[in-house]
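As C-alpha cells, the structure follows; a few thoughts come after it.
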Amino acid sequence: MSFVVGTISAVFWGLLVLSVLVFVHEGGHYLAARAFGVRVTEFFLGMPSPVKLSHKSSRHGTEVGVTPILLGGYTRICGMEGDEFPDLARVLACVQRHGRVAASAVAAEVGIDVDEAYRNLAMLVDWGSIRPFYDPDLDERPGQAEWPSQFQTIPRDADMLTEYDRGNHIDGPGASVEAAPRPLVGDPDSFLAQERSHTYLGCSFPQRVAMLVAGPLVNIALAFVIVVSSLMLVGVQVASGQNVLGGVAQGSLAEAAGLAAGDVVTSIDGVPVSSWDDISSALDSCLPAGRDFEITVERGGETLVLTVDVEDGVPQEMLGIYSTTETYHLSFAEASSTALNYAGQVVGFVVRLLIPTHTMEVLEQSSSIVGISVAASEAAAAGLSELLMLAAAVSMSLGFMNLLPIPPLDGGKILIEVIQLALGRPLSMRAQNVVSYVGLAFFLFVFVFVLRNDILRIFQG
C-alpha cells in the first residue's frame, strides 16, 4: 500500500513541477513572439492531443489551454516549419477567392499537382493564413492523421489583418468571417509578403534568435528569483558557534559516551572550551591519539564527566557530534552571488555532457523524469521551501540544457539559424531533418540511460 501511495505522490509532484516549468518555458517563447508581432495560434500545457480544455483569446486569437498528456507543453509560432514554395502566393490567392475550396481544385486552378497543392496549403495553415475544413459529411475530424480535402479563409478585418495580428479590428466594419470569399486587391506576391511579415520566417535574425532563447532564459531567470528569494526570506541553517551540542550521531563514540543533544561542553581532556571552534581544536588533539579522554558537560543544571572510550592505539576521525544551528538570512548581494555560483556549476555540468571523456560521468549523475518525480515528492514532504528549491534546480538545468547546440533543442535551432546566416541562404528541410534526427537519437540514448539509472537506484536503494 505504501508503495502505491509513494508512486502516486511521485507522479503527482513530478508532473506538477515539470509541467509548471515547461509552461513557463513555453511562455517565454510565446511572449517573445507576441512582442515581435508574430502570430501564435496555440499555447498549451501538455503535449498535442485531440482531447483538450482550452479558451481562445479574443484579443490575440491564440488558443490557450491544457491537454491530458502532461509531459511537456508547446507553442505554435507561425512560420517555424517547412520551406517556402514558389506557388505559395497563387495558392493563397485561390483560397481567398473561393472562401472554401478543395485541394484538388486549387491544384487544377494554379496548375500544380495535388501533392504540391497540399504542401502549399499546409504551409499557409502553418502561417496562420488559412485553415483546414474538416467536413463531417466526409467523416473528417480535427486530429486525424491526414489533411482534409478542403481549406478555407479565416476571419480578417478591413485591412486584411487576422485575429492573430496586432492591432486587428476583426469585429469592425469591412471585416470578413471564416470561409467567406475575400478576393485579393492588388498583387498576390505583395499580399504574401505581408503575411510573411507576421511569421517567424519574416523576422530578422536577431528577432528569431531572441524568440528561441526566450524560453531557456525565462527558466534561468525563474530559478534565479526562487533561489535569491529563498535565501533572503527563508534563509539557511548555519553553525551557531556555541559550545552546545545540536545532535549526536547514532552508533558514534559520542553516543557510547552518553553525550546528548543540548549538552553544554565545558572541557575536553582537561582543556576548557567555550565555543565550537574550541571543541573542534580540542578534538583534533584527542581523536588522532587513539586513547580515552574525558568530556565535561552541563546538563539540566548538573555537571557530568563522561568518558570517551577509544580502542587503544587506533586513531579516530570523528566523535559524532553536531553543532547547534541558527537561521541566517542572506543579503541580496550574497544571495545573488550564491545563485550565480550555482548557475556556473550547472553550466559546467551541461558543457561536460558534450565532452566525450566526461559524457558518461555526467549521465551517471543525471536524473530522468522518474528521478525528478521521486525527488519532488520527497521535497514536497519536507516543506514548501524544499520543493521550491528543487524546482529552481530543475528550472536552471532545463534552461541551460535547452541552450545546447543540439537539434531539436532551442540551442540546436539557434545553431541552424547561425549556419543559415553564414551561408546566406536557408538550409533545406531535408538537411534540417537529418540534423534533427541525429539530435533525437542522442537524446533517446540519454533518456534511456538515465531512466535505467533512476530505476536501478530506486529498487536497489
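Observations
- Tensor-based shape of segment 141-202 (alpha-carbon gyration tensor, a/c under 1.5 rounded, otherwise prolate or oblate): prolate
- With every protein chain in place, segment 158-263: carbon and sulfur % of accessible area (1.4 Å): 60
- Whole-Å distance, taken between Cα centres, linking segment 88-148 and segment 244-272: 81
- 222 nm mean residue ellipticity, helices alone, for the chain (DSSP H n ≥ 4; -39,500 (n - 2.57); rounded to 500): -16500 deg cm²/dmol
- Three-way shape call for segment 228-295 based on the alpha-carbon gyration tensor, with the a/c threshold at 1.5: prolate
- Stretching the chain fully between ARG291 and LEU451 yields a gain of 52.7 nm (0.36 nm per residue, less the alpha carbon separation).
- Surface per residue (accessible, 1.4 Å probe) for segment 74-117, Å²: 43
- Solvent-accessible area per residue in segment 262-376 equals 56 Å², computed with a 1.4 angstrom probe and all protein chains kept.
- Sulfur and carbon atoms: percent of accessible area, segment 33-110 [1.4 Å]: 58
- Sulfur and carbon atoms: percent of accessible area, segment 373-413 [1.4 Å]: 68
- When only alpha carbons are used to place a centre, segment 370-430 and segment 1-58 end up 15 Å from one another.
- Of the residues LEU283, SER9, GLY383, the one whose Cα sits farthest towards the positive end of the charge dipole of the chain is SER9 (charges of +1 on Lys and Arg Cβ, -1 on Asp and Glu Cβ, taken about the Cα centre).
The values are calculated or read from the model by the stated rules, or taken from the named source; none is laboratory data. Everything numeric in this text was worked out from a predicted model, so none of it was measured. Cβ atoms come from the backbone with ideal geometry, glycine included; neighbour counts cover every protein chain shown. To get the accessible areas, we keep the full protein, side chains included, count just its heavy atoms, and leave off ligands, DNA and RNA. Shrake-Rupley method; radii C 1.70, N 1.55, O 1.52, S 1.80 Å.
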